[in-house]
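Take a look at the structure below.
Nothing in this text is a laboratory measurement; each read-out follows from the coordinates by a stated rule. Here the structure is a predicted model, which is why all the values come from computation and not from measurement. Using ideal geometry, Cβ is built from the backbone for each residue, glycine included, and neighbour counts are taken over all protein chains shown.
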Amino acid sequence: MSDPRQFDDRPRPKYGEYAPVTPLSQLPPPAAPVPTVEPTGVEPVGAEATAELDSRRSRRRTRDIIITTALLLFGVYDVVISLSGFTSLGNSLRAAFEQQGVEGFASAELAAEMGATINVVRVVLLAIAIVVSLLLIARGKLAFWVPLAAGVASAITVIVCVLVVVISDPGFAAYVAEQTTSN
């Protein structure tokens, strides 16, 4: 664009002052109209840039698909491997309590219920993650965050359920009370 002041010899107005009025006959002629371009069989110059952008998007989609698949496979492996561990959550907590010197683990029933809850929630989260990831991949959107979010939700579920069992155990409460009074 050209500077409009190059055609105007008038002094610039100061703050609060009106610019002097120039008669129309002294104004520069209007710019020439932009010619229309007729379509031809030649690709526009931006076609190379568009092809490069499509190539980058394709690489990004491929990377996203690989990462999402790897995360989902890791999730499947983790859920399958840990099913038996959470099924016997009571035995695992009893052994951990005994190893730490806490005697009298009495929440085996609650531990069994929480272990089953953990297994169900983790399987459901995995199924949701798989379905949502496949839908996002089919639409060409980023999907790697879905298995990550499902993994975080799964970890929070495990932590909360195990804490409920540990905190509600009378043997653990007695151990904590004994430790606080001895100090």
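So how do 143-152, 76-85 stack up, highest first, on mean other-Cβ count within 10 Å?
Values: 143-152: 18.7, 76-85: 12.8.
Highest to lowest by the protection proxy: 143-152, 76-85.
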For the chain, take the longest principal axis of its alpha carbons; what is the angle in degrees between that and the long axis of helix 108-138, to the nearest 10 within 0 to 90? 20 degrees
What whole-number value in cubic angstrom gives the convex hull volume per residue for the C-alpha atoms of the chain? 315 Å³
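Report the extension gain between Asn91 and Leu134 in nm, rounded to one decimal, defined as 0.36 nm multiplied by the number of residues separating them, less their alpha carbon distance.
Details: separation 43, 0.36 × 43 = 15.48 nm, distance 3.76 nm.
That pair, Asn91 and Leu134, stretches by 11.7 nm at full extension.
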How far is the Cα center of segment 151-169 from the Cα center of segment 83-125, in Å? 10 Å
As I understand it, the value is the acute angle between the Cα axis of helix 170-182 and the longest principal axis of the Cα atoms of the chain; what does it come to in degrees, rounded to 10? 90 degrees
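Is segment 81-183 best put as rounded, prolate or oblate by its Cα gyration tensor, with a ≥ b ≥ c the root eigenvalues, rounded for a/c under 1.5, and otherwise prolate when a/b is larger than b/c, oblate when not?
Prolate is the answer for segment 81-183, as a/c is 1.5 or above and a/b outweighs b/c.
List the trypsin sites (Lys or Arg not before Pro) within segment 108-173 that DSSP assigns to loop and that have no more than 13 neighbouring Cβ atoms inside 10 Å. Could you put the intermediate results ahead of the total?
Details: sites: Arg122, Arg139, Lys141; in loops: Arg139, Lys141.
Those that pass, being in a loop and sparsely packed, are Arg139, Lys141.
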